[in-house]
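Worksheet: the structure to be examined is printed underneath.
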Amino acid sequence: MQTIQKETELPFEEYIMNNKWQGRSIDVKSYWQFHAKSLENFEEFWASVAKELEWFKPWDKVLDASNPPFYKWFVGGRLNLSYLAVDRHVKTWRKNKLAIEWEGEPVDDAGYPTDRRKLTYYDLFREVNRVACMLKCNFGIKKGDRITLYLPMIPELPITMLAAWRIGAITNVVFSGFSADALAERINDSQSRIVITADGFWRRGKVVRLKEVVDQALEKASGVEHVIVYPRLGLKDTPMTEGRDYLWTKVMQGIKPNVYIEPEPVESEHPSFILYTSGTTGKPKGIVHDTGGWAVHVYATMKWVFDIRDDDVYWCTADIGWVTGHSYVVLGPLLMGATNIIYEGAPDYPQPDRWWSIIERYGVTIFYTSPTAIRMFMRYGEEWPRRHDLSTLRIIHSVGEPINPEAWRWAYRVLGGEKVAFGSTWWMTETGGIVISHAPGLYLVPMKPGTNGPPLPGFEVDVVDDSGKPVPPGVRGYLVIKRPWPGMLHGIWGDPERYIKTYWSRFPGMFYAGDYAIKDQDGYIWVLGRADEVIKVAGHRLGTYELESTLVGHKAVAEAAVVGVPDPVKGEVPIAFVVLKQGVAPSEELRKELREHVRKTIGPIAEPAQIFFVTKLPKTRSGKIMRRLLKAVATGAPLGDVTTLEDETSVEEAKKAYQELRAEVEKA
Ligand code: WT7
């Protein structure tokens, strides 16, 4: 195990003592006392949070741990997410409060957005009921059916999710940046009956034709009865298959504005969504989340981490296609009755101040974003945020990958005016909600640039060595969660074995997150990055195995190894070492073709930054690819232990390929 000194032994002035923070603060010791109490009364603690939600039927048991790791939360309880996010508010003064402020990408000559929609909670109530009716009455969707949503960032995405949950259907949202093959795989694995999509959307001033991707995907997917197409752009030439495809607006014409669909009182353990995420081997895993536990976890963290109040304007910049969007664009803010910003387009379109103009125009107070975005804006320069009034901001959080202290300091100063609470919330698709974070809504502990902070109340987190024993402060180990938590995954769709193997086998009785981390002397957690063969590209999770099998799927490729290398903006980018089939000559065109092949098969985020042609890959004697060595070659790091390496010339060759390409790039 490696001792890491640099980040933990910060000089005293690096601790930001919250002096300009207007909210509650606490010293670290008192926080840990509070945290210890939450664990002592673990079940009562979570029950007291759950009581703040409205249940159609109260639970009999807070936690059923009789069959680990198949834990069940709030057993016997019944509730409905759409009721909690919408109906509950329309019974109060929030009925006329803005629920969603939506802004499309296009702007007029003066730089003002031309496509805007404002939905009150009452509007949302009406729309959710109408769409629930469409699903149920027109397409016969019932409790437990899976529906795939392949939609851009438009209000119809959260509306359809809420409508699905209203009738007990299970959503399978696929990020609109994924390509046809990735979509087909997710439709098939989830056995979805219908797909809901849009004709297209705006991205960087260009039209993205989404429905055509669905058509391609459906050549490979089976079991889909219908496709519903929302006309976001009103394209006249969208291909429609008679009898299968329906225009959203045509179907909705027949549904009365005041239709009411009774919210289905589903069991707490009833699945609400499946979301596919990359792992180290095999195809993406369909992570399943329940209803009750997820709602309680998301609700708690909206209060603790985001401190939502009724006068807040909340903006989480994540795409709904990722888990951050599920928990903190759709469910979280709407559970709280908050005003929620949703923006369709690129962050720097038409200029690098688009986000800052949104914060200024709506008076955003709570801002949840990613380190990648912050680093991109750092590069554009301070003058862009300086053009706008960002003084409304009071809390900023980031998520998706470690935040480097420079990016933290920049955002704290330039965006937050040194008066905000700002943390890096750690969690993952599998956890359902934030697990490690500063909690300015409870009390803010002193901030340190780059840390994730202490675990939230009710979460037992630790950093352990190879044998599962806690490591001392400053020593790198593996991040684990030592007891179940409400928002935890409820398995992998259709694959209980893989669920046990991936998360609960490495360290018995503990959830294995797959991250390296250290604890510092205050008990703060610093997540350092993935400990497995998963890479994070601009915060998005990609399995190197997935990329490798895509490359090998190309007719010219015999073998491929993919590793992640550091990138100043995206955090990490994939690079590929490729062995071509006998008789295929390496060329610049082929390189381009392979990159294009990955874009087309998985999506633009997966495109390798570089492709190196080699004649062999470094392998162990038993034939395992030693990606670690390739990474060392590409980052100039020492090779470390090479005793298991079978053929040393493979590394020499990779080095040469790397240096040659670098020389070429430098020349050009
Ligand atoms: C992985 C999970 C959960 C929302 C988005 C990502 C990394 C996430 C942080 C953070 C350091 C982080 C971890 C984790 N990660 N947040 N604040 N600091 N690393 O969800 O795609 O499931 O990825 O993202 O490596 O395991 P995801």
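The values are calculated or read from the model by the stated rules, or taken from the named source; none is laboratory data. Not measured: the values here are computed from a predicted model. Positions of Cβ are backbone-derived with ideal geometry, glycine not excepted, and every protein chain shown enters the neighbour counts. Side chains are part of the model used for accessible areas, which takes the heavy atoms of the whole protein and leaves out ligands, DNA and RNA. Shrake-Rupley method; radii C 1.70, N 1.55, O 1.52, S 1.80 Å.
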Subset of the stretch 519-552 [within 12 Å of the ligand (Cβ to nearest atom), not in a loop (DSSP other than H, G, I, E, B) and not basic (Lys, Arg)]:
Ile525, Trp526, Val527, Leu528, Gly529, Val534, Ile535, Val537, His540, Leu542, Gly543
Quick one: what pairs do we get from the stretch 308-337, first residue within 12 Å of the ligand (Cβ to nearest atom), second open to solvent by 10 Å² or more (accessible area, probe 1.4 Å) and among the acidic types (Asp, Glu), C-beta under 6 Å, 6+ apart or different chains?
Gly325/Asp319
From the list Trp102, Trp93, which residue is at pLDDT 95 or above, of a type in the set (Phe, Trp, Tyr) and more than 29 Å from the chain's Cα centre (by Cα)?
Trp93
Identify all residues within the stretch 401-412 that are away from the ligand (no atom under 13 Å from the Cβ) and either under 23 Å from Val534 (Cβ atoms) or touching a Ser or Thr at 6+ places or on another chain (Cβ under 9 Å) (or both); write none if there are none.
Ala411
Please state which of the following conditions Thr431 fails to meet, knowing it meets all the rest: (1) within 13 Å of the ligand (Cβ to nearest atom); (2) at pLDDT 95 or above; (3) open to solvent by 10 Å² or more (accessible area, probe 1.4 Å).
(3)
Do you know which residues across the stretch 472-486 are more than 16 Å from the ligand (Cβ to nearest atom), open to solvent by 10 Å² or more (accessible area, probe 1.4 Å) and outside any strand (DSSP E or B)?
Pro472, Pro473, Lys482, Arg483, Pro484
Considering only the stretch 555-567, I want to know if a residue exists there that is within 13 Å of the ligand (Cβ to nearest atom), touching a residue at least 12 places away in the same chain (Cβ under 8 Å) and not in a strand (DSSP E or B).
no
Can you give me the number of residues within the stretch 413-428 that are open to solvent by 20 Å² or more (accessible area, probe 1.4 Å) and away from the ligand (no atom under 13 Å from the Cβ)?
4
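In the list Tyr443, Tyr512, which residue meets the criterion of being on the phi < 0 side of the Ramachandran plot, surrounded by fewer than 22 Cβ atoms within 10 Å (Cβ to Cβ) and within 24 Å of the chain's Cα centre (by Cα)?
Details: Tyr443 fails: within 24 Å of the chain's Cα centre (by Cα).
Exactly one of Tyr443, Tyr512 is on the phi < 0 side of the Ramachandran plot, surrounded by fewer than 22 Cβ atoms within 10 Å (Cβ to Cβ) and within 24 Å of the chain's Cα centre (by Cα), namely Tyr512.
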Which of the strands (runs of 3 or more DSSP E) found entirely inside the stretch 107-186 contain at least 2 residues meeting this: basic (Lys, Arg)?
116-120
Only residues in the stretch 141-154 that are closer than 20 Å to Lys211 by Cβ and open to solvent by 10 Å² or more (accessible area, probe 1.4 Å) count as the first member; pair them with residues that are part of a loop (DSSP other than H, G, I, E, B) and β-branched (Val, Ile, Thr), Cβ under 9 angstrom, at least 6 apart or cross-chain, and list the lot.
Met153/Ile320
Give the residues of the stretch 360-373 that are surrounded by 24 or more Cβ atoms within 10 Å (Cβ to Cβ) and either closer than 25 Å to Thr120 by Cβ or over 16 Å from the mean Cα position of the chain (by Cα) (or both), sorted by residue number.
Ile366, Phe367
Residue match in the stretch 70-83 (condition: at pLDDT below 95, open to solvent by 10 Å² or more (accessible area, probe 1.4 Å) and either acidic (Asp, Glu) or within 16 Å of Glu262 (Cα to Cα) (or both))
no
Residues (outside any strand (DSSP E or B), under 13 Å from Arg166 (Cβ atoms) and in contact (Cβ under 8 Å) with a residue 24 or more places away in the chain) located in the stretch 259-281:
Val259, Tyr260, Ile261, Pro263, Glu264, Pro265, His270, Ser272
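Could you please find all residues in the stretch 28-76 being assigned to a loop (DSSP other than H, G, I, E, B), farther than 23 Å from Met336 by Cβ and among the aliphatic types (A, V, I, L, M)?
Answer for the stretch 28-76, where residues must be assigned to a loop (DSSP other than H, G, I, E, B), farther than 23 Å from Met336 by Cβ and among the aliphatic types (A, V, I, L, M): just Ala65.
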Any idea which residue in the stretch 309-358 is farthest from Val399 (Cα to Cα), counting only those that are open to solvent by 10 Å² or more (accessible area, probe 1.4 Å) and assigned to a strand (DSSP E or B)?
Thr339
In the stretch 494-512, anything farther than 14 Å from Asp532 by Cβ and charged (D, E, K, R) is listed as Asp495, Glu497, Arg498
